[in-house]
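Let me begin by presenting the structure, written as C-alpha cells, before commenting on it.
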Amino acid sequence: MIPEIVIEKLLKAKRVAVLTGAGISAESGVPTFRGEGGIWNKLKPEELANFDAFMRNPKLVWEWYNMRKNLISDIKPNQGHYSLVELEKIYGSGFSLATQNIDNLHIRAGSKNVFELHGNIERSYCINCRKYYHDMVIDENKAVPYCQCGGIIRPDVVWFGENLPEEEINLSVEAAKQSDFYFSIGTSGNVYPAAGLPGIAKRNGAFTLEINLERTLISDEFDITLTGKSGDILPEIVKLLREERT
Ligand code: BV8
Ligand code: ZN
C-alpha cells in the first residue's frame with residue numbers, strides 16, 4: 001500500500017534523486033552485507049574491505065572478490081532496478097542515482113545517470129602505475145594478478161578508510177541538495193559518507209522516502225519509511241505514478 005502523499009510529492013517533483021544499497025540487488029540473488037543472511041555476519045569488513053588487509057593477504061581478498069564476481073556474473077537486474085530506469089525516463093535530466101553497490105546491475109538494467117560511490121567490481125587497477133584492467137579474472141595458479149610493471153593489481157572498489165571518488169560523491173551531494181524527492185532504497189545506513197546523503201536532502205527541503213526490509217540506522221531522516229521488498233514496492237510506485245500522469 002503506497003501512501004497517497006508519496007505519489008502527490010512525486011507528481012510535483014522536478015528533481016528526483018536516489019541512493020541505493022545492497023538491498024536493491026538482494027532479489028537478484030546478490031547477498032547483502034548486514035541484516036538477514038548478510039555475508040558480513042561471518043566475515044568482518046575490516047578483515048577484507050581495507051587496503052592493509054589487502055596488502056597483508058591479497059590472495060584472501062582476491063578470493064573474496066572473485067567469489068562475488070562469479071556470483072554476480074550470472075545474475076540479472078530485478079524489477080527494482082528496472083523501476084528506477086522507468087523513473088529516469090519520466091524525470092529525464094532531473095533524475096540521478098547514487099549507488100553503494102559495485103555489482104553493475106543499475107547500468108546493466110539501463111540506468112544512465114549513475115554515480116558509483118564505492119567503485120565497480122568489474123574494474124581493477126595496478127597500485128603502482130594505476131593502469132586499469134577491465135573484468136580481471138584471476139587464473140587459479142597465479143591467484144594474485146600483477147601488472148606488466150610489476151605492481152600488484154587491486155579491485156577498483158572503495159575500501160574502509162579510503163576516499164570515495166571525488167566527482168561521484170560531489171555530484172551525489174549536489175543531487176541530494178537540489179532534489180525535491182529523495183529515495184533511499186535497500187541500505188542499512190551504516191556506511192558514510194553515503195549514509196549521510198538522505199539527511200542532506202531532507203535538510204535542503206526534499207521529501208524523503210526510505211524503502212527497506214527493516215528499520216535502519218537512518219530511518220529517522222525520512223518522511224515516509226516503507227517496509228518491504230524494493231522489487232515489490234518500486235514497480236507499484238511507478239505504476240501509480242504513470243496512472244496519475246496520463
Ligand atoms: C571514507 C567495499 C574518508 C566495496 C565498502 C574510522 C576510520 C576510517 C573511516 C571511518 C572511521 N569511522 C567511520 C568511518 C567512515 C567509514 C564508515 O562509514 N564506517 C562505518 C562502518 C562506521 N567510511 C569509510 O571509510 C568510507 N571512506 O569515509 O573516506 C575518510 C578517509 C580516511 C579516514 C577517515 C575518513 C569508505 C566507505 C566504503 C567502504 N566500502 N565496501 C565492496 O566490497 O562492496 S562498504 C560496504 O557497505 C559496501 O560497499 C556496501 O555498499 C556498504 C553499505 O552497505 P549496504 O549497501 O547498506 O548493505 P547492507 O547489507 O548493510 O544493508 C542492506 C539493507 O537492505 C539491509 O538493511 C536489508 O534489510 C535491506 N534489504 C535486504 N533485502 C532487501 C532489502 N531492502 C529492500 N528490498 C530487499 N529485497
Ligand atoms: Zn602497473
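General observations
- Number of the exception - S96 against (1) away from ligand 2 (no atom under 16 Å from the Cβ); (2) among the small types (G, A, S); (3) in contact with a Lys or Arg (Cβ under 9 Å, 6 or more places away or on another chain); (4) farther than 21 Å from S188 by Cα: (4)
- Residue satisfying all of: in segment 141-160; more than 25 Å from N190 (Cβ to Cβ) and more than 9 Å from ligand 2 (Cβ to nearest atom); modelled with the lowest pLDDT among these: N141
- Helices (runs of 4 or more DSSP H) fully within segment 53-118 counting 2 or more residues that are crowded, with 17+ Cβ neighbours inside 10 Å and not hydrophobic (A, V, I, L, M, F, W, C): 58-73, 79-91
- For segment 218-228, the criterion of being assigned to a strand (DSSP E or B) and crowded, with 20+ Cβ neighbours inside 10 Å is met by at least one residue.
- Among the residues listed as I185, I169, I200, I138, the single one being more than 21 Å from I218 (Cβ to Cβ) and either more than 16 Å from ligand 2 (Cβ to nearest atom) or out of contact with any Gly (no Cβ under 9 Å at 6 or more places or on another chain) (or both): I138
- Just one of the listed residues (K44, K131, K112) is free of Cβ contacts under 8 Å to residues at least 60 places away in the same chain, farther than 18 Å from G186 by Cα and in the same structural domain as G21 (by TED's automatic domain parsing), namely K112.
- Flag set for I152, criterion: more than 18 Å from M67 (Cα to Cα), more than 11 Å from ligand 1 (Cβ to nearest atom), in contact (Cβ under 8 Å) with a residue 60 or more places away in the chain and not assigned by TED's automatic domain parsing to the domain that holds K239.
The values are calculated or read from the model by the stated rules, or taken from the named source; none is laboratory data. A quick note: this is a predicted structure, and the numbers were derived from the prediction, not measured. Note that we place each Cβ from the backbone using ideal geometry, even for glycine, and neighbour counts take in every protein chain shown.
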